[in-house]
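Data block below; observations after.
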Amino acid sequence: MIGLQVLYYFGSAVLMAAAGSALLLPPLRSGAAERMYTGLILAFAAKMIIGVAAMVLAWKVLHWSPRGVTIGMVTAYLAALAATTTAALVTIQRGRS
């Protein structure tokens with residue numbers, strides 16, 4: 001059961017990171033500042049919606065413990081945030097060189 005939960009949270013983190021990167025990286029590549037902030041807000045909103053949906057699914061449908069779901073999803077969100085931030089920094093660095 002623990003292995004299934006770890007895979008579930010890992011999949012959630014990958015999905016959140018992919019959605020955040022897909023919404024944030026195109027404005028960064030084009031260099032349009034006003035689109036950059038819009039992409040940042042959309043990436044944040046998409047990650048939150050996916051995270052809350054995954055949390056509700058695990059808690060209400062799969063009947064996992066609320067404490068475990070909270071710890072797992074917060075960890076997954078932080079991992080997705082780190083992955084999206086790293087992707088954005090790499091994109092900015094490549095644009096400068």
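The values are calculated or read from the model by the stated rules, or taken from the named source; none is laboratory data. Everything numeric in this text was worked out from a predicted model, so none of it was measured. As a convention, Cβ positions derive from the backbone with ideal geometry for all residues, glycine included, and neighbour counts pool all protein chains shown.
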(request) Quickly run through region 73-87 and pick out the residues that are within 11 Å of residue 17 (Cβ to Cβ) and touching a residue at least 24 places away in the same chain (Cβ under 8 Å). (result) 76, 77, 79, 80, 81, 83, 84, 87
(message) Conditions first: (1) touching a Leu at 6+ places or on another chain (Cβ under 9 Å); (2) surrounded by 14 or more Cβ atoms within 10 Å (Cβ to Cβ). Residue 95 passes all but one, so which condition is the exception?
(response) (2)
(request) From the list 46, 58, pick out the single residue that is surrounded by 16 or more Cβ atoms within 10 Å (Cβ to Cβ), within 26 Å of residue 91 (Cβ to Cβ) and among the small types (Gly, Ala, Ser). (result) 46
(message) Being within 16 Å of the chain's Cα centre (by Cα), buried (at least 18 other Cβ atoms within 10 Å of the Cβ) and either at pLDDT below 90 or more than 19 Å from residue 69 (Cα to Cα) (or both) is the requirement here; does residue 18 meet it?
(response) no
